[in-house]
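A short worksheet on the structure shown next.
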Amino acid sequence: MAQTPSVLGTPRHRVDGKLKVTGIALYASDFKVDRLAHACLIQSTIASGTVIEIDQSEAERAPGVIAVLTRRNAPKLQALPEELSANGTPGESRLPFQDDQVYFQGQHLGAVIAETFEQAREAAALVRIRYQPGELRTDLLGLADQAIEPRMFGGRIKLQDKRGDVDWVWANMPQVRLVNETYSTPIENHNPIEPGAALAAWDENDHLTLHVSTRGVDLTQKVVASAFGLPIENVRIVCPFIGGHFGSKGFSWSYFLVAAAAARIANRPVRLVLSRPQMFDSMGQRARTVQTIGLAADENGKLAALKHSTLTHSSMIYEYTEPCGNLTRLMYACPNVQINHHLVHLNYTTPCPMRAPGEAAGTFALESAMDELAVKLNLDPLELRVRNYAEKDEFDQRAWSSKHLRECYDRGAAKFGWSSRNPKPGSTRDPEGRMVGWGMATAVYPANQQPAAAKAILSNDGSIVVRSATHEAGTGTYTAMTQFVADTLGVPMDRVQFELGDTQFPPAPVNGGSWLTASVAPAVVAACAALRDKLISLGVDGPSAPLSGQARNDIVIADGRISSAKDTSQSLSFSDLLAKTGNQTLEADGSAKPGDSYQKLAFFSFGAIFVEVKVDPDLGEVRVTRVVGVYDVGKILNPLLARSQLLGGITFGIGMALMEGTIPDMATGRMVNANLAEYHVPVFTDVPPDFGIEFLDVPDPNMAANGARGLGEIGIVGAPAAIANAVYHATGKRIRDLPITPDRLV
Amino acid sequence: MNNFAYVRPNDIDSALNLIRTRPKARFLAGGTNLLDLWKMGVEQPQTLIDISRLGLADIAPRPDGTGLRIGALARNSDVAEHSLVLSQYPVLSRALLAGASPQLRNAATVGGNLMQRTRCPYFYDPAFPSCNKRKPGSGCGALNGYNRIHAILGQSDQCIATNPSDMCVALAVLDAQVRVIGPGGERVIPIGEFHRLPGDHPELDSTLQPNELITAVDLPPMADTKHAVYLKVRDRSLYAFALVSVAAALAIENGSITSARIALGGVAHKPWREPEAEALIQGVSPDHAPFDRVADRLLQGAHAYRYNQYKLNLARKSVIRALSVAVASV
Ligand SMILES: Cc1cc2nc3c(=O)[nH]c(=O)nc-3n(C[C@H](O)[C@H](O)[C@H](O)COP(=O)(O)OP(=O)(O)OC[C@H]3O[C@@H](n4cnc5c(N)ncnc54)[C@H](O)[C@@H]3O)c2cc1C
Ligand code: SF4
């Protein structure tokens, strides 16, 4: 009997695409509830000091105002327990309303609740706050001597680390010290299309339902329950769609606690949606980094020593370190490596992960430095990288689970035409007189798996629902998981409904680290496999079973039917099977966690990116005109989704390289470009028409999800350096500070 | 946003009456600048006078049949695509199309564009304590702050803001005339006198009086349309304000430049023209014209601050480039 061909690995359009383009998909702020009231945040307009008085009298008299929430009348929030507040846990440990201190511009001091959003907003503008200003810390370099040495990133990765003896090489082999340069990246903000949004509704039994745009429903549930001192089951978090997060929306941010508190004191459901300017102070950002890279190499370009030191900042109320050195430890073979991070607490909002945290900013520095080394040694930049190819993860002394980076280099170079590159900077002009430059960089990103669970339910109409408390951030979770269900249970994709984003579903990890597919798919497969087993049991076990007498091994599950491979007349649909056996539905649970190989092997994805830029010689405008990226990310489950992920990731890289940057005013700590007119992200014409993305599509033998390692963030890794290197090749100017705007080149 | 009254008069007299008698009244055209400023709390009108029904959106030759009269309510996109603008005043079309986004241009009007306010962040966000333009006497936050987009010409120690408009730079080289009507009747303001330098009154962007309405912009005929260029340097390829821009309109006859008009945008509180600079290439062969000297004369007296040093060089190179492109275009 013909098996249904697998839908895994085939191009599939998004199963939720129509819902999204027709506006039927409901995002956090779209849900309808009765008696809805609206909240608008009251925020600090200084960056450091103490609140002396909040005068809300005028706001209270404003039309439509229901209540004004401040520290005075806020429900007492409980400090978060250690597991939710220690360094490395994903969240601001200081809860709102804890004290009268102000630590950054835009800090939440309360909210006005009114009948309409406009009324809330107007009344919030009428609140007058008196402060006692405090010492202002805004200058990263000026306060560098007060930096601390943070120990761990995310509680997992050492931030001060070394192998071999870099200092000895540096001190005793001056002839090989070749690069010692400082690179910097500015503060950046995620700016997803959908802002942070929360809709909080309490019922009479002290149960809270919170629709909130979050990539961690389970984590948010813990934070909210803990803050309000409620049993965990009293809090339900719902989030079926996220309009992008890029690393934000994962922490325990204050605004949804404010929304829940507002709903409590107003005794009504309350909606709180962040404005675009609030997206710059209320939901994290990438901190500024100033990184020094030292490279020593022999005359053949073999690295002898590598040091990477990062100075960055966190807020006054949380320790989060942009971990720029993470990849430096293992990208290249090198006997002596030293990684340091220094952190200064400043009066800026709390930073958090953003688009390959550490990797994106860190590889900009490292891969720029490698390009500088290639120039010094008169070596082709690609050749330099091949000479320093890491055959294993030298830091943890582990073998790679699967690494085919050489093939990425080769295929990328061939597709791009790299071999015809004239190494001399400024040697090529296009017919319009623009300087043409080619640059490349390596991309690496860790592959992780987290524990996850799922439930599969077959209904008597033959349709299948599978549930897991995971997330859809626009990356294609609904589609990919539907493919896995269809594949495991042998049903067409349109018989499957995947449901996610609800704490009532089996647990799944926070969506981050590009691990969603690698974590959730194995759980989905396990649940579906368990359901499959139950179906077979129903079919064959016992004398009255419809396929009684058939051996389990001879049963085929395909096309929504259970059949005997031996006797094709013995076949019935899932719904008939349920009907004949007197079942309405059939359910099965499944879960998955990383296997043993997880400890023994190093799991990473790899890529090589090549770009062409054109630079106006007088005006300094840089355009990326061609990109080729070849990636080894394990098995490709859906080429359409995979390509979109890389397109987006590389486009973020273009933004990071050429235009993104949030700029603080040093005198006040307030951001000067907290809007999308002046915080530039790439527009269509910034993205090259010639976008060559290829995948090796080699399954990782040790990854549970059919060899898929998951992908997303790797797109932004490498791209900024490749662009900066191309700018150098075009102009002979090495720009070490991002973004590369025209003013840096004229 | 505060509560406000909304009125939509059907004729100019009613509009003028309303703006004179209603407290804190503002004309609403496309709303693309006014509403942004309102939401930020920079503007707080109590009466919004929607002027879209005043019949001011026509684009046609002036009553004497020459040149062009563009109604104050004509949309930026309609102006940019109008056949007479494309054929007679291509620099205006290019400048408009270099600005904002299609959606914004579909809403924005000529009058609103003339009146759009600076993008200085200290002006735009009332949470910044110092801005003489927003709160006279409060100081200038940009002077020692983040002044990357700020002026290098014609500024005062009270204010170093720039006029952000692309359209106005083109209007400057076209010698446009702004037609306005107020309680005292109609008057015509040459574009060079419409916007002012900040001096001691940075709160005033223009010479338009509080109760006056812009009705149209008149353009005199152009002899030569071939050698017209709009050059805009910006931080991304589209949809960004100019760091520096140049509008240039040359007339070339019998191998010599018979007239040269050059305006710089992004460098001052108004589009920047300098007759002495233009004179340097009048009567000169385009092949030997000293564009660098034109640039130097235009930028004479320029002064930059911590973050806008680059503008000195960028403006100079932009002028030279624009003029080179202008003579080369046929
Ligand atoms: C994101 C963004 C990007 C932009 N990028 C650019 C750019 O790159 N280049 C550029 O040049 N511009 C740019 N703009 C600005 C845009 O051009 C202006 O907002 C627009 O031209 C204003 O026109 P409007 O009709 O919408 O004016 P409105 O907002 O309606 O009015 C602006 C002001 O003019 C007054 N006013 C309007 N009409 C009259 C009249 N007839 N008589 C008297 N007073 C009047 C109003 O009372 C108000 O004070 C951008 C704007 C945005 C929001
Ligand atoms: S430059 Fe002008 S607009 Fe900007 S802060 Fe100074 S006074 Fe205000």
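If the condition is being open to solvent by less than 10 Å² (accessible area, probe 1.4 Å) and within 11 Å of chain A (Cβ to nearest Cβ), then region B:146-172 contributes only B:Asn147.
Each residue in region B:1-39 was checked for being touching a residue at least 24 places away in the same chain (Cβ under 8 Å), within 14 Å of chain A (Cβ to nearest Cβ), surrounded by fewer than 17 Cβ atoms within 10 Å (Cβ to Cβ) and of a type in the set (A, V, I, L, M, F, W, C), and 2 pass. Could you check, for region A:72-93, whether at least one of its residues is in contact with a Lys or Arg (Cβ under 6 Å, 6 or more places away or on another chain), open to solvent by 20 Å² or more (accessible area, probe 1.4 Å) and in contact (Cβ under 8 Å) with a residue 60 or more places away in the chain? Yes, that holds for at least one residue. Of the numbered criteria (1) at pLDDT 95 or above; (2) hydroxyl-bearing (Ser, Thr, Tyr); (3) within 30 Å of A:Ser29 (Cβ to Cβ), the one A:Ser252 fails is (1).
Does A:Val344 satisfy being of a type in the set (Val, Ile, Thr), modelled with pLDDT of 95 or more and either more than 30 Å from A:Gln101 (Cα to Cα) or out of contact with any Leu (no Cβ under 7 Å at 6 or more places or on another chain) (or both)?
Numbers: of a type in the set (Val, Ile, Thr): yes; modelled with pLDDT of 95 or more: yes; either more than 30 Å from A:Gln101 (Cα to Cα) or out of contact with any Leu (no Cβ under 7 Å at 6 or more places or on another chain) (or both): no.
Answer is no for this residue.
Here A:Asp690 meets the list (1) over 30 Å from B:Phe241 (Cα atoms); (2) touching a strand residue (DSSP E or B) at 6+ places or on another chain (Cβ under 9 Å); (3) surrounded by fewer than 22 Cβ atoms within 10 Å (Cβ to Cβ) almost entirely, failing just condition (1).
With the condition kept exactly as written, say whether any residue in region B:252-271 is part of a loop (DSSP other than H, G, I, E, B), more than 14 Å from every other protein chain (Cβ to nearest Cβ) and at pLDDT below 95. Lay out the reasoning, then the answer.
In the first step, residues of region B:252-271 are kept if they are part of a loop (DSSP other than H, G, I, E, B); the result is B:254-255, B:266-271.
If we keep only those that are more than 14 Å from every other protein chain (Cβ to nearest Cβ) as well, we get B:254-255, B:268-271.
From what's left, at pLDDT below 95: B:254-255.
For region B:252-271, residues part of a loop (DSSP other than H, G, I, E, B), more than 14 Å from every other protein chain (Cβ to nearest Cβ) and at pLDDT below 95: present.
Scanning for something away from chain B (no Cβ under 14 Å) and open to solvent by 30 Å² or more (accessible area, probe 1.4 Å), does region A:672-681 turn up at least one residue? Within region A:672-681, not a single residue is away from chain B (no Cβ under 14 Å) and open to solvent by 30 Å² or more (accessible area, probe 1.4 Å). Filtered by the rule that a residue be at positive phi and surrounded by fewer than 24 Cβ atoms within 10 Å (Cβ to Cβ), region A:693-735 gives A:Asp697, A:Asn706, A:Gly707, A:Gly732.
The single condition among (1) open to solvent by 20 Å² or more (accessible area, probe 1.4 Å); (2) assigned to a loop (DSSP other than H, G, I, E, B) that A:Tyr478 does not satisfy is (2). Which ones in region B:125-149 are more than 16 Å from ligand 1 (Cβ to nearest atom) and aliphatic (A, V, I, L, M)? Of everything in region B:125-149, those that are more than 16 Å from ligand 1 (Cβ to nearest atom) and aliphatic (A, V, I, L, M) turn out to be B:Ala127, B:Ala142, B:Leu143.
Going through region A:105-139 one residue at a time, which ones are hydrophobic (A, V, I, L, M, F, W, C) and surrounded by fewer than 22 Cβ atoms within 10 Å (Cβ to Cβ)?
So the first thing to find is which residues in region A:105-139 are hydrophobic (A, V, I, L, M, F, W, C), and the list is A:109, A:111-114, A:117, A:120, A:123-127, A:129, A:136.
Residues satisfying the conditions are A:Phe117, A:Ala125, A:Leu126, A:Ile129, A:Leu136.
When the helices (runs of 4 or more DSSP H) confined to region B:100-213 are screened for residues that are more than 16 Å from ligand 2 (Cβ to nearest atom), those reaching at least 1 such residues are found at B:102-107, B:110-115, B:167-173, B:191-194.
For region A:498-517, check the following and say yes or no: at least one residue is assigned to a helix (DSSP H, G or I) and in contact (Cβ under 8 Å) with a residue 24 or more places away in the chain. Yes.
Of the residues A:Phe280, A:Phe241, A:Phe246, the single one that is aromatic (Phe, Trp, Tyr) and closer than 26 Å to A:Val112 by Cα is A:Phe280.
The values are calculated or read from the model by the stated rules, or taken from the named source; none is laboratory data. Note that this is a predicted model, so its numbers are computed, not measured. Ideal geometry is used to build each Cβ from the backbone, glycine not excepted, and the neighbour counts take in all protein chains shown. For accessibility, only protein heavy atoms count, side chains too; no ligands or nucleic acids. Shrake-Rupley method; radii C 1.70, N 1.55, O 1.52, S 1.80 Å.
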